[in-house]
Amino acid sequence: MTKTNESLFERARRVIPGGVNSPVRAFRAVGGTPRFIARAQGAYMYDAEGSRYIDYIGSWGPMILGHGHPAVLEAVQKAALDGFSFGAPTEREIELAEEILKLVPSMEQVRLVSSGTEAAMSAIRLARGATGRNKLIKFEGCYHGHADALLVKAGSGLATFGTSTSAGVPAEVVQHTLVLEYNNLPQLEEAFSLHGADLACVMIEPIAGNMNFIRTQLPFMKRLRELCTRHGALLVFDEVMSGFRVGLHSAQGLYARALPGFEPDLSVFGKVIGGGMPLAAFGGKRAVMEQLAPLGPVYQAGTLSGNPVATACGLATLREIQRPGFFEALSARTRSLVDGLAAVARENGVPWSTDCEGGMFGFFLADTLPQNYATVMATDKERFNRFFHGLLDHGVYIAPALYEAGFVSAAHTAEDIEATIAAARSVLK
């Protein structure tokens, strides 16, 4: 029997909830049948029916070099021959930690884990342990994984804390999580005025990738750093998506360039540092990191943390992106994509706004670039869904939801960008 995406989805739904192992893959937001990917190479993915797609998901960010990069393949194959997992330390863990710390000056030590959720959850536990406080601030539209304390939507006012967005999360678990509006400076000031003495940390995506692509505004970030310092709360940057994606020194490098001396207290990384393998990390200054077991009282552990195959993949990826001119070329390619899409939208009278940094981009079917979750969700969802399926029919695979950022890789060619813009022109007509 010939395999089709539809038959595979039907088969998957019998044995996997919703037919997928991560919800956005189910196409529930855009409708239709998800594509079951059989293989990928360079800038392309091929589904079970043999159709080829120009890939702007890149495994949701990790594949910054494209799929199947020769140096990464060689490193992974060699590591696999030496052993899949040992449950004991390896030299490569040290090498990867050294490479990360070399590129992120705000951190003096780093702990490797297996997922972004695990890293964010551990960073919050560490912040609470280091400060002796319980409360935390997050921002609506920023996603930090599916740890219970972070599956929260905004409460009815600043005096109240968030309410759970998921069944199975008791109210008492999220009672210490306060959810604010992204880029809302008066609200931030008021939150610290009310709760500053009790805050362990503020966790933020400096460039959000889970309400499409939105930057933290400079005055907001500057004031956030000042308030955290004044009140003794730790500023936690979630760079799972933006880390080593928007620049060699990640998003915090961009903010440090604009705000001299700026740095977060803790940072969370994933995606690119694993090169497509399950690997993430969190890190900060030595005095805070040494609160972790086995040195300190904050417990954190993982059987597969620092996995030898994953660290080989991540190390090879980080070394490749440090080649001279890498980010200049990647940024130029990404800019050519977003500028081209904006131009064909204007040609066809379609409302459009867009932004990008490094190999990460976003666009909205709106005249003005949104600055927070509420304005993202007010954009034209139905028109986006039609645009998504139109591109898919033309062999271009973007995120199947309007609230997800997109990713360009070093493997995308000028011809791929031109083909994408041509497809968009046809669909937008």
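All of the numbers you see were taken from the coordinates with simple rules; none came from a lab. From a predicted model like this one, the values you see are computed outputs, not experimental measurements. Note that each Cβ is placed from the backbone with ideal geometry, even for glycine, and that neighbours are counted across all protein chains shown.
Does anything in the stretch 26-44 have its amide N under 19 Å from the 7 Å Cα→Cβ label point of residue 7, and if so which residues?
It comes to 33-39, nothing else.
How large are Rg and Dmax for the stretch 12-76 when calculated on the C-alpha trace, in angstrom?
Just the Cα atoms of the stretch 12-76 yield Rg and Dmax of 13.6, 39 Å.
Based only on other Cβ atoms within 10 Å, what is the fewest-to-most ordering of 288, 76?
Values: 288 23, 76 19.
Least to most surrounded, the residues fall as 76, 288.
Positive end of the charge dipole of the chain (Lys, Arg +1 and Asp, Glu -1 on Cβ, about the Cα centre): tell me which of 146, 315, 220 has its Cα farthest that way.
Among 146, 315, 220, the one farthest towards the positive end of the dipole of the chain is 146.
Tell me, how many Å apart are the Cα centres for the stretch 23-70 and for the stretch 398-419?
That distance is 11 Å.
What aspartates and glutamates sit close enough to residue 102 to cross-link, taking a C-alpha to C-alpha distance under 18 Å and skipping anything fewer than 8 places away on the same chain?
Partners within reach: 91, 93, 239, 263, 265, 320.
About the Cα centre of the chain, what is the dipole size in debye to 20, counting +1 per Lys and Arg Cβ and -1 per Asp and Glu Cβ, all else neutral? Intermediate results must be reported in sequence, preceding the final value.
Working: 39 positive and 42 negative charges, 75 e Å.
The calculated dipole for the chain is roughly 360 debye.
Averaging sequence separations of C-alpha pairs under 8 Å and six or more residues apart, then dividing by the length of the chain, give the relative contact order as a whole percent.
Details: 858 pairs, mean separation 94.6, N = 429.
Once normalised by length, the contact order is 22 percent.
Taking the Cα centre of each part, how many Å lie between the stretch 287-320 and the stretch 92-123?
Using only Cα atoms, the two centres lie 6 Å from each other.
Among 114, 250, 51, 22, which comes first, second and so on when ranked by fewest other beta-carbon atoms within 10 Å?
On the way: 114 21, 250 27, 51 15, 22 9.
Ordered by Cβ neighbours within 10 Å, fewest first: 22, 51, 114, 250.
Please list, short to long, the whole-number percent of alpha-carbon pairs of the stretch 70-320 in consecutive 5 angstrom bins beginning at zero.
Result returned by the calculation: 1, 7, 14, 18, 19, 16, 12, 7, 4, 2, 0, 0.
For the chain, give the share of DSSP beta bridges that are antiparallel, in percent and rounded to the nearest 5; count only bridges with both residues there.
Numbers: 28 of 47 bridges.
The antiparallel proportion sits near 60 percent.
Need one number: nm distance between label points at residue 382 and residue 295, each 7 Å from Cα along Cα→Cβ, rounded to one decimal.
The modelled label-to-label distance comes out at 5.8 nm.
Loop-only check: which GluC sites (Glu not before Pro) in the stretch 45-115 are DSSP coil with at most 16 other Cβ within 10 angstrom?
Details: sites: 49, 74, 91, 93, 95, 98, 99, 108; in loops: 49, 108.
Passing sites in the stretch 45-115 are 49, 108.
Using the Cα centre as the reference, give the magnitude of the dipole from point charges on the C-beta atoms of the stretch 187-231 (Lys, Arg: +1; Asp, Glu: -1; all else neutral), rounded to the nearest 20 debye. Can you show the working numbers first?
Numbers: 5 positive and 5 negative charges, 44 e Å.
So the magnitude is around 220 debye.
Which of rounded, prolate, oblate describes the stretch 259-318, given a ≥ b ≥ c as roots of the alpha-carbon gyration tensor eigenvalues and a/c under 1.5 marking rounded, otherwise prolate only if a/b is larger than b/c?
On the way: a/c = 2.97, a/b = 1.20, b/c = 2.47.
Here the stretch 259-318 falls in the oblate category.
State the Cα centre-to-centre distance between the stretch 249-275 and the stretch 160-210 in whole Å.
21
Taking the beta-carbon count within 10 Å as an exposure proxy, list 82, 47, 265 from fewest neighbours to most. Each step should come with its number before you reach the end.
Numbers: 82 12, 47 19, 265 23.
Final ranking by Cβ density, sparse to dense: 82, 47, 265.
Once you've got the GNM for the chain with C-alpha springs shorter than 10 Å, pick whichever of 360, 203, 221 has the biggest mean-square fluctuation.
Largest GNM mean-square fluctuation: 221.
Using only Cα positions of the chain, each an equal point scatterer, no hydration layer, compute I(q)/I(0) via Debye at q = 0.09 Å⁻¹ and quote the log10 values to two decimals.
Debye curve over Cα of the chain, log10 I(q)/I(0) at q = 0.09 Å⁻¹: -0.56.
For the stretch 166-211, what class follows from the C-alpha gyration tensor (a ≥ b ≥ c being the square roots of its eigenvalues): rounded when a/c is under 1.5, otherwise prolate if a/b is larger than b/c, else oblate? Mind showing how you got there, number by number?
Working: a/c = 2.16, a/b = 1.14, b/c = 1.89.
Here the stretch 166-211 falls in the oblate category.
Could you tell me what percent of the DSSP beta bridges with both partners in the stretch 70-320 are antiparallel, to the nearest 5? Please report the intermediate quantities before stating the final value.
Values: 13 of 30 bridges.
The antiparallel proportion sits near 45 percent.
With a cap of 16 neighbouring Cβ atoms within 10 Å, and only residues DSSP puts in a loop, list the GluC sites (Glu not before Pro) found in the stretch 370-429.
Numbers: sites: 382, 404, 415, 418; in loops: 404.
The qualifying sites: there are none.
Nothing charged except the Cβ atoms of Lys and Arg (+1) and of Asp and Glu (-1): what's the magnitude of the dipole of the stretch 70-320 about its Cα centre? Round to the nearest 20 debye.
340
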